[in-house]
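Structure first, commentary second.
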Amino acid sequence: MSASTQIIQHKKVFEVSRARRTFTGIAELLIGLFILIVFAFTLPASVTTRFVMTPGGIDVGQMADWVLPSQLALIILASICILVGLFAFIRGYGRWTNAALGACSLFLVFSFLIWQAAGKSLNLGGMLSSAVMLAVPITLGAFSGILAERSGIINIAIEGMMLMSSMVAALTGSIMHNPWLGLLGGVLSAMLLALIHGVLSIKFKVNQTISGTVINIFSAGMTAFISQKFLQHNEAINNPPMFSRIQIPGLANIPFIGPILFNTNLFVYLMLVILIVLQVALFQTRWGLRLRSVGEHPKAADTLGINVIRTRYMGILLSGLVAGIGGAFFTLGSVGRFDEGMTAGKGFIGLAAMIFGNWNPIGALGAGLLFGFADAIGSKLSLLGSAIPPQFMAMAPYLITMIVLAGFIGKGQAPAAEGIPYEKE
Amino acid sequence: MGAALKTSQNTQTDFSQEVINALNHEPPTEGPHKKSFWSTISIPLLAIFTGLLVGAILIAVTSPEVYAAFGESIGKGFITAFRQIGTAYQALFTGSLGDPVRIFNALRMGDAKEIRMAINPFLESLVQATPYIFTGLAVALGFRSGLFNIGVEGQLFIGAACATYVGYAIKGLPPYIHMPLALLAGAAGGAFWGFIPGLLKAKTGGHEVINTIMLNWIAFRLTEWLLSGPMTREGSGGMPISPIIEKSAQIPQFFQSPIRFHLGFFIALATAWLIWWLLFKTTWGLNLRTVGTNPRAAKYAGLNTTNSIIVAMSLSGALAGLAGANQILAVNHSMALGLSSGYGYDSIALALIGNNHPVGVILSSLLFGTLRNGATRMMVVSGIPIDIVDVIQAIILMFVAAPAIIRAIYHIKQPKKEEETVFLSGWGGK
């Protein structure tokens, strides 16, 4: 793919075709009607939904429960969706087309919650708080992917790096009795794997998907081997101290938002810090411009005196660093011990979040939160005794990814030179 | 891959040349006259040897006894290390191929039952290799057509679920109809699960790597729901396990239990032959391989790449489905969630080691089946976790994928012409 076609595609992003306008309009109308017919009209008028707004076990930043008349709230949400859909037909939203559709999808999810919890109480604060926690490894995985792929290296080894890091973090954390050293150990192990991936794909020009698969198989085998040989017989080396909840003074007192974002785990803060650093570094600094140019058009970058090989090694090593933090989250931030295969495909979902977020840190965070939210809904709804099997709720993120990838919300833009080893001529 | 970069930047005149090359010449990977037999197999063999060597080092390094012995003296340490490795690999060998002494004695005594029991470890290795042959063919077929099917695991589960359903829900059929029908149902289920990412790739460009990974997770959840809901065994109390399939649906085993050697192994060999014939002896196969090695040339030659992507993914899925069906109908006889020990992921390594050729797939399946079977015995004898096989497989795959490392270690000269590699692109599917 040459540079000129890239530019053409960039222009296309902001031009919304008539067909897409009609399509999103119809989708918004259908969402509205769906809320109205399936949710609103199946409820008796007198029922209320109670949302508890503070996660359990937190005493600062409390907020009163939110009680909604279920049917009325649903009718209002449905009307907004229908109005949004009608406006899409009349005027269109230009570059906000996706945002409008996104808002309607959000309303659909919210309506679903009102409907499911009608006549009961649902801890919305707790649900969002656990959604953020569940989003941490996915989002960090996506950041890891962005760092590698912006420099032109496909990294499907994120899963393997996270798994290795989670095991090493538990091991070093337990032996040293220090979560920080555990984190360091985990991160170093993931960076070592990243280095192997880098050497294989940059120096030896191995197909990057295959070298990623090597790392994944190796990690799965190695962690299971060490776990069975040592960790399972010896609880003392699989019992790392965990990072405790950190309360940010002042911010933690904000109602609703405070308990969810500012009175939580170290890894959530790390995720937010990496988000800001990455977003600024990628798009506002010379470093970021160089990294991206190597991923888009290495030959041009080389001509301008950028060291392509070194930049790519830097990209993949930083990718390993972030994946390592994501992996350490499992043992040091969430569970407190290592279990075989505990990353459970979160690295792969992180990759999906990266594509979903269009190789953009903020987009990746949004996608990660969405996946985390879908996970959290699943577990909460089974507590509410929902008729929908939890397995189907668990499928939702994967289905959404496939639909998005199929181009319903516009095609993502992968770095052009990704997957192609660079050969100096 | 370097070639791909160059072609993308060259002018159109080169494309016509490429088309002619692609159509007139067989890809250099085949044709024994172009490459000597030794140079084809030397890299995989050395990779396997090095993988086993790394495994041996891992066994020694993770053994507390070795450290204790090194504490006494260096010589003692080495002796203990070699003894540990020796015991472990001896168990690996006898567990997968049989104990030579026992086989010799059994042959001398002439007792048929004892002979069978003595060679059972070998037969069991064949049983273990059977699903690998199917899944390896699935991945290899994908690679040959330029597709990376990581979704074999999910396709295997869907195929197994379909075969299980036909196996227990339909009653009263004669075995010669019921068994093939259940096998076909498995193939159809897998084919459908492969068809979806194929269609998405062909029509929207959605990359099959992400789509098949997503479909894997959907397949796991779906089968979990099926097995604990609509397809659950009566009286299982919501445990995810299916009813036992009818006797008429079972793939027959040749000997009495505990020998599990069954007809499925030969079905797998026949399937491998069929895939070989399709790929290398039909026009369809040539077109498919052209799409795989050089999609742009294929497009210029007027080949229907859209169709071949969909057909290749479906066929690949069908093979994966057969693997699942085979395990249900021949070995397990009912479906539970622990059906696969990662066949889908292992088969990626396996197909690459076998050079994506059906014969290579059979050989590397035999290797993987043997390793896995022997590792079970090794775990019993020396307490070494079976997962060491994964580590060895990863090392082997690494060396096969990066032959330059092997050449550097063993000082082998590089062949004049680089092999043509399969064409795999970024997420955009360009």
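Find the helices (runs of 4 or more DSSP H) located wholly in the stretch B:69-129 whose residues include 3 or more that are in contact with a helix residue (DSSP H, G or I) (Cβ under 9 Å, 6 or more places away or on another chain), modelled with pLDDT of 85 or more and over 23 Å from B:Ala56 (Cβ atoms), and list them. Spell out how you get there, then give the answer.
On the way: elements: B:74-97, B:100-109, B:112-118.
Counting at least 3 such residues, we get B:100-109.
The condition of being surrounded by 14 or more Cβ atoms within 10 Å (Cβ to Cβ), under 30 Å from the mean Cα position of the chain (by Cα) and modelled with pLDDT of 85 or more holds for only one of A:Val52, A:Val132, A:Val60, that being A:Val132.
Results for (1) within 14 Å of chain A (Cβ to nearest Cβ); (2) free of Cβ contacts under 8 Å to residues at least 24 places away in the same chain, shown as yes or no for each residue.
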{"site": "B:Gly51", "(1), (2)": "yes, no"}
{"site": "B:Val66", "(1), (2)": "yes, yes"}
{"site": "B:Ala69", "(1), (2)": "no, yes"}
{"site": "B:Phe93", "(1), (2)": "no, no"}
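When B:Gly206, B:Gly198, B:Gly194, B:Gly190 are screened for being among the small types (Gly, Ala, Ser) and at the interface with another protein chain (Cβ under 8 Å from one of its Cβ atoms), only B:Gly206 passes. Restricting B:Trp217, B:Trp276 to residues that are surrounded by fewer than 20 Cβ atoms within 10 Å (Cβ to Cβ), in contact (Cβ under 8 Å) with a residue 40 or more places away in the chain and in the same structural domain as B:Ser340 (by TED's automatic domain parsing) narrows the list to B:Trp276. Residue check: A:Ala281 meets all listed conditions (1) away from every other protein chain (no Cβ under 14 Å); (2) in contact (Cβ under 8 Å) with a residue 24 or more places away in the chain; (3) not in a loop (DSSP other than H, G, I, E, B); (4) not β-branched (Val, Ile, Thr) but one, namely (2).
Whenever a residue of the stretch B:238-251 is outside the structural domain of B:Leu173 (by TED's automatic domain parsing) and surrounded by 18 or more Cβ atoms within 10 Å (Cβ to Cβ), it has no partner that is of a type in the set (Gly, Ala, Ser) and not in a loop (DSSP other than H, G, I, E, B) lying with C-beta atoms less than 8 angstrom away and at least six residues away or across chains.
Looking only at residues in the stretch A:215-249 that are touching a residue at least 24 places away in the same chain (Cβ under 8 Å) and among the β-branched types (Val, Ile, Thr), which one is surrounded by the most Cβ atoms within 10 Å (Cβ to Cβ)? In this case the residue turns out to be A:Thr223. In this entry, A:Leu147 is excluded by the filter for residues that are within 21 Å of B:Ile396 (Cα to Cα) and in contact (Cβ under 8 Å) with a residue 60 or more places away in the chain. Whenever a residue of the stretch A:250-271 is at positive phi, its partners that are among the hydrophobic types (A, V, I, L, M, F, W, C) and not in a helix (DSSP H, G or I), lying with C-beta atoms within less than 7 angstrom and at least six residues away or across chains, give the pairs A:Phe256/A:Met53; A:Phe256/A:Met63.
The values are calculated or read from the model by the stated rules, or taken from the named source; none is laboratory data. Note that the structure is a prediction, hence the values are computed from the model and not measured. Note that each Cβ is placed from the backbone with ideal geometry, even for glycine, and that neighbours are counted across all protein chains shown.
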